[in-house]
Amino acid sequence: MSFAAKLRRAPLRLTAGAYILNSGIGKLKADEQTAGYLHHEAVKTVPAVSKVKPAVFTKGLTYAEIAVGGALLAPFVPAGLAGLALTAFAGSLVAYYVRSPEAHDDKYRPVGQGVALAKDVFLLGIGTALVVDAALSESPITNTES
């Protein structure tokens, strides 16, 4: 991979990675009340989560955030792989936003608590950009570096 590719991806990886890693680290010491809230909110998006205990769900969420944030920040993790992880994670956050009617109006514009949730669209865009850039950079059709 070229230095130019690493350089153009760095701002995306650093900002998203630091943000998500910090969020995960912040949940390491989540109390029962926080775990209950996170679990309750997750059930809105994925009803099957109701079968998982709140503390177990919160630990899984915490470690997932740390893993995704760490993958984005680690230069040895391929951009496409880090982008896929971010896209999947951000996709679940956007699904939560969409399935939370109190967070948006009938045209999906954020209202109230939805303003803070709407930033997840940016994370989804960053993840998608990393995947597309990696795919195009490594494609024999679009890669003109020789």
Legend entry - Residues with amide H under 5 Å from that of H104, placed H, sequence gap 5 or more: V111
Inset, instruction - Averaging sequence separations of C-alpha pairs under 8 Å and six or more residues apart, then dividing by the length of the stretch 10-88, give the relative contact order as a whole percent. - result: 42 percent
Inset, instruction - Post the alpha-carbon centroid distance, the stretch 75-94 to the stretch 1-21, in whole angstrom. - result: 12 Å
Inset, instruction - Work out which trypsin sites (Lys or Arg not before Pro) in the chain are exposed loop sites (DSSP not H, G, I, E or B, at most 16 other Cβ within 10 Å) and give the longest gap free of them. - result: 30-98
Legend entry - Derived scalar couplings ³J(HN,Hα) [the stretch 129-134; Karplus, 6.51 cos²θ - 1.76 cosθ + 1.60; whole Hz; x for Gly, Pro]: 4, 5, 5, 5, 4, 5
Legend entry - Residue order, fewest to most surrounding Cβ atoms within 10 angstrom, among I126, I20: I126, I20
Legend entry - the chain - mean residue ellipticity at 222 nm from DSSP helices (-39,500 (n - 2.57) per run, n ≥ 4, rounded to 500): -23000 deg cm²/dmol
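Read-outs: derived from the displayed coordinates by stated rules, not from any lab. Just so we're clear, the structure is a prediction, and the values are computed from it rather than from any experiment. Every residue, glycine as well, gets a Cβ built from its backbone with ideal geometry; the counts of neighbours run over all protein chains shown.
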